[in-house]
Amino acid sequence: MTGPIYAEIERVDRLSAEDFRRFYDLPMKPVVITGALSEWPAMSQWDHEWFKQAYGTKVVSLSSNPRHTEKVLKMRLADYVDCILSGTDEQLYMNQYPAGEFPGLFDYFQTPAYCNPERQIDIVLWLGPAGTILGFHKDNHNPYDWINNIFVQIRGRKHVVLASPDQDPFIYQRMREGKDYW
């Protein structure tokens, strides 16, 4: 029995939205696009301290390892950032937080032109400590339902493993009734 086959994902600098749709979106091929959003104020301004100063009094819901599917704690964002910066975060994670709950946040970025305007667009934030792991999961909860993820990394780095669309029928889907449906 052989193991998985890993392929490096192509990296393209400042890809046009038209070329993205033609060469990546329609054939369902992943791509890393570099430099296209460098003009966003978020790219130069957002970091843990910025969120602490701008939204420190906001109470946010946090999840915890190992699966990050259940919100287990609420705290002020400033306190959470202090936990991250001091290393006492206990791997708590502010994940899938609706960006609209942060007044004025949309002034720092725009919806990327790569997003298909005919599809639902949900803009969510992920803020957490180094070393946070989110296990292998399926974001499209119905086979081939054309959910796209356009992931923008502002700070830090993320290691992502993707499964080819032809493997979709073989990826186990957990039922949403449970707390851990990934």
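What the table shows:
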read-out	value
Subset of region 1-40 (residues that are under 26 Å from residue 107 (Cβ atoms) and in a loop (DSSP other than H, G, I, E, B))	14, 15, 16, 35, 36, 37, 38, 39, 40
Test: residue in region 96-119 that is of a type in the set (Val, Ile, Thr) and closer than 29 Å to residue 18 by Cα	yes
Single condition residue 83 does not satisfy, out of (1) outside any loop (DSSP other than H, G, I, E, B); (2) surrounded by fewer than 14 Cβ atoms within 10 Å (Cβ to Cβ)	(2)
Top-ranked residue in region 106-137 [being assigned to a helix (DSSP H, G or I) and touching a residue at least 40 places away in the same chain (Cβ under 8 Å); ranked as most open to solvent (accessible area, probe 1.4 Å)]	107
Residue that is modelled with the lowest pLDDT, among those in region 1-16 that are open to solvent by less than 100 Å² (accessible area, probe 1.4 Å) and among the β-branched types (Val, Ile, Thr)	9
Filtered residues of region 46-72 (kept if farther than 19 Å from residue 130 by Cα and either polar (S, T, N, Q) or loosely packed, with under 14 Cβ neighbours inside 10 Å (or both))	53, 57, 59, 70, 72
Top-ranked residue of region 41-59 - restricted to ones that are without any contact (Cβ under 8 Å) to a residue 40 or more places away in the chain and not in a helix (DSSP H, G or I), ranked as farthest from residue 78 (Cα to Cα)	59
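The values are calculated or read from the model by the stated rules, or taken from the named source; none is laboratory data. Keep in mind it's a predicted model, so treat the numbers as computed, not measured. No Cβ is skipped: glycine too gets one built from the backbone with ideal geometry, and neighbour counts run over all protein chains shown. For accessibility, only protein heavy atoms count, side chains too; no ligands or nucleic acids. Shrake-Rupley method; radii C 1.70, N 1.55, O 1.52, S 1.80 Å.
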